[in-house]
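Have a look at the structure below before the remarks.
Since every read-out is calculated from the coordinates, none of them should be taken as a lab result. Please read all numbers here as calculations on a predicted model, not as lab measurements. Cβ: placed from backbone, ideal geometry, glycine included. Neighbour counts: every protein chain shown.
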Amino acid sequence: MKTLLQGALAASLLLSCAAPSRAQAPQKQRGVTAEDYYAFEFLSDPRLSPDGRWVAYVVTTVDQRQNRRLSQIWLAATDGTRPPRQFTTSPQSASSPRWSPDGRALAFLSTRPAPDAATPAPQRSATPTPTPSPSPSPTPISTEMPQGLPSALQTAAPDATPRAQVWLLSLDGGEARRLTNLKNGVNTFDWSPDGTRLVLTSRTGPSDVKAPSSDVRHYRHTSYKFNDTGWFDDKRSHVWVADVQSGAVTQLTFGEDWNDTDPQWSPDGSRIAFVSDRTGKAFDESRNTDVFVIDSAGSPMRKISDHEEADNSPRWSPDGKTIAFLGRIHENDHPKIYLAPASGGQPSRNLAPELDLIPSNLTWAEAGRALYFETGVKGEAHLFRVDAKDGKLRQVTKGARAVHLFDIDNASRRMVYAANDFKHLDDLYTAELDGSGEKKLTSLNARLWAQLQLADVERMTYKGAGGWDVDGFLVKPVGWQEGKKYPMVLSIHGGPAGQYGVDWFHEFQVYAARGWAVFYANPRGSTGYGQKFERGIEGEWGRNDYTDVMNGVEEVLRRNPWIDRERLGVTGGSYGGYLTNWIVGHTDIFKAAVTLRSVSDFISDEGTRDGAYGHRDDFGGDLFEKFDQYWERSPLKYAKNVKTPILILHSDNDYRVPLEQGEQWFRALRHFGANAELVIFPRENHNLTRTGEPKHLVESLNWQLYWFDRYLDGKTNAVPPDAR
């Protein structure tokens, strides 16, 4: 979640969620509701200060009245001796906190307006040649608005859409200073090691120079839309460098046929590594991103990585001689950690060939002796260490939880990270680099947790198709009583390259509070169990994955006779929606189904979604080579078999699984006389239940409750959310 709240509202919400005083009478606990989403506090992007004494992080809350999320930056002392305090306050969100190298200020992204509109605003250079700028004065870093800007700089043209810019705010307080004024805003940024410059990414294209003469969309590439961003325009992401003191910016990379992302400073600030697909086919199904290095003044580039598949996440070793990155040799490989000379021209080395998990957030530590990363592993998420010399792996954090978003302070040999579990959203923790001495720094949502009765989750392992071990998880209903029968909802995760586990799931707590058991599993295709297990989905959509899930249902029924076999429901989103559709076309065991953003027809899906022909490796060829198999595995073929009442939830701006998938499924079911209803969410995309408008996210969950109320609990008078 990346947005924030007004200072007064954030403060009031946080005060309301503080731990209850001892003088207060204990409150009667209640189950979780869909509407509790409006009270949640979400933590993200923790960053340690250069001296290791402070951690800046983002807290996102929901303004129900304005139907939006609002984010602000907070500070916590890593020794835990002082309570956290809010650092930014504005009606606009603040995100991406980044410490200045001297630790005296924080830069961040925000769409807030400039405090002095009359002050000239810095703008990018229009050519690859760096624009001259005054000599920087980095110590101390000025937090005043720049006054004498170079005449070559142009003020950004007014734009009705606010763009995120980089702002700077001293730890001593005062007014924030805007550091950038790029026409299309700033996507990501980071400080140079000496604190005089910022490297950033921003989008630019021909229409920035000359307004288009037509409003039609004209494309030459097969990739012209994306779920989160919608229809592509002519703008591409490129790397820029900004002078902190003057605000002057210089564009370093160019090109209309690729995006340049993830820029990383070398330790001496002379070079920048970044990621790009320079094959010229970046928007024509190419996956060949590479790591490049460019001089920070804009010299010719050198390619560092050497694979024909995706290479990304470059990270400089502390001595600047080596770049670590994540890369693949074959398309469906799990990414490996590679080391390559920063000078280029030599083959990379696979640091840990035996690594069979999917690493992310790669970070150097221990003066270059090791790299740390986070990964999902068997229903949990944890931090791992890999020795930079011999590739030896060690798991650093443990426990039934999800640990992620870590940052390391090498001087103090400590780290911070976020962690959540089945009964808690993320809080912030600090620990030694070996995982010892863990200390909790925040208690977000504490007051709310005290009011709620939360369900537990039990892990179970059972046999799937072919005797494969499959992990399942069972949630008992809140207030469970022996001798009583309860309905159960089967939930199937998306992907299928993803995993369920022991971390926080709002909807499962809501189901349990409703008096329903919840069963969920990680069938083949799930991550966290190695590449063979994850790629076990190849050629098996609707076959062995179906068996994996249904074997789990039968096993959980066998072990728990209190579950009512006659009141089973099934739900899932994306791939989980696909398998939900497939299930109801192949068994009548379920009395209710809710399918979200689901695939129903692979034939039409392949040509209309954002990634064209993306299932060729799942079916052994593309649509034109395996047409019959694509139709054979499409739930639409089996619509005439469906007897289960099914609710179809879809978004009108879903470019990952287009709306026509939900429409086809709904019309076919009605054509064959099935009990089906369709609900379309306006303005939403594939991520409705994660980042959709707060009111739509909550309503989506209430639609699920309405359907299961009717068909699992037999409440024939249940009222749909749009009629309340």
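Determine, for each peptide in 697-707, 220-230, the mean count of other beta carbons within 10 angstrom over its residues, then list the peptides with the highest first.
In descending order of packing, they fall as 697-707, 220-230.
Dividing the helix sum by the residues of the chain, where each DSSP H run of 4 or more adds -39500 (n - 2.57), gives a mean residue ellipticity at 222 nm of -4000 deg cm²/dmol. Each peptide in 234-241, 408-415 receives the mean, over its residues, of other Cβ atoms within 10 Å, and ordering these scores from highest gives 234-241, 408-415. Stokes-Einstein, applied to the Kirkwood radius of the stretch 402-446 over Cα pairs at a viscosity of 1.567 mPa s and 4 °C, places its translational diffusion at 120 µm² s⁻¹. When only Cα pairs below 8 angstrom with a gap of at least 6 residues are kept, the stretch 455-723 shows a relative contact order of 16 percent. Shown for the stretch 176-280 is the translational diffusion coefficient from the Stokes-Einstein equation, using the Kirkwood radius over Cα pairs, a temperature of 10 °C and a viscosity of 1.306 mPa s: 105 µm²/s.
For the stretch 489-639, rounded, prolate or oblate, judged on the Cα gyration tensor with a ≥ b ≥ c (square roots of eigenvalues), a/c < 1.5 rounded, else prolate if a/b > b/c? It is prolate, given that a/c is not under 1.5 and a/b is the larger ratio. Magnitude of the charge dipole for the chain, about its Cα centre and with charges confined to Cβ atoms of Lys, Arg (+1) and Asp, Glu (-1), is about 1480 debye.
Principal axis extents of the Cα atoms in the stretch 455-723, from largest to smallest and rounded to whole angstrom, are 55, 46, 34. Computed from point charges on the beta carbon alone (+1 for Lys and Arg, -1 for Asp and Glu), the dipole magnitude for the stretch 427-579 about its Cα centre is near 460 Debye. Once you order the gyration tensor axes a ≥ b ≥ c over the Cα atoms, which shape class does the stretch 269-348 get: rounded for a/c under 1.5, otherwise prolate or oblate by comparing a/b with b/c? Here the stretch 269-348 falls in the oblate category. Per residue, the convex hull around the alpha carbon atoms of the stretch 301-389 comes to 92 Å³.
Is there a pair in 392/532; 484/637; 532/695; 28/485 whose C-alpha atoms are over 32 Å apart, and which pairs would that be?
Among 392/532; 484/637; 532/695; 28/485, the Cα-Cα distance tops 32 Å for 484/637; 532/695.
Of the trypsin sites (Lys or Arg not before Pro) found in the stretch 251-342, those that fall in a DSSP loop while having at most 15 other beta-carbon atoms within 10 Å are 287, 321.
Return the ratio Rg/(2.2 N^0.38 Å) for the chain, where Rg is computed over Cα atoms only.
Details: Rg = 26.2 Å, N = 724, 2.2 N^0.38 = 26.9 Å.
Scaled against compact globular proteins, the figure is 0.98.
Identify all lysines with a Cα-Cα distance to residue 640 below 21 Å; exclude those on the same chain that are fewer than 8 residues away in sequence. Qualifying lysines at Cα under 21 Å: 591.
Measuring nothing but how far apart in sequence close Cα pairs (under 8 Å, 6+ apart) lie, relative to its length, the chain scores a relative contact order of 10 percent. Per-residue packing, averaged as other Cβ atoms within 10 Å, sorts the ranges 680-693, 565-578 into the order 565-578, 680-693, beginning with the highest.
Compute the semi-axes of the equivalent ellipsoid of the stretch 261-414, taking the square root of 5 times each eigenvalue of the Cα gyration tensor, and list them largest first in whole Å.
26, 20, 13
Shown for the stretch 580-714 is the translational diffusion coefficient from the Stokes-Einstein equation, using the Kirkwood radius over Cα pairs, a temperature of 37 °C and a viscosity of 0.692 mPa s: 213 µm²/s.
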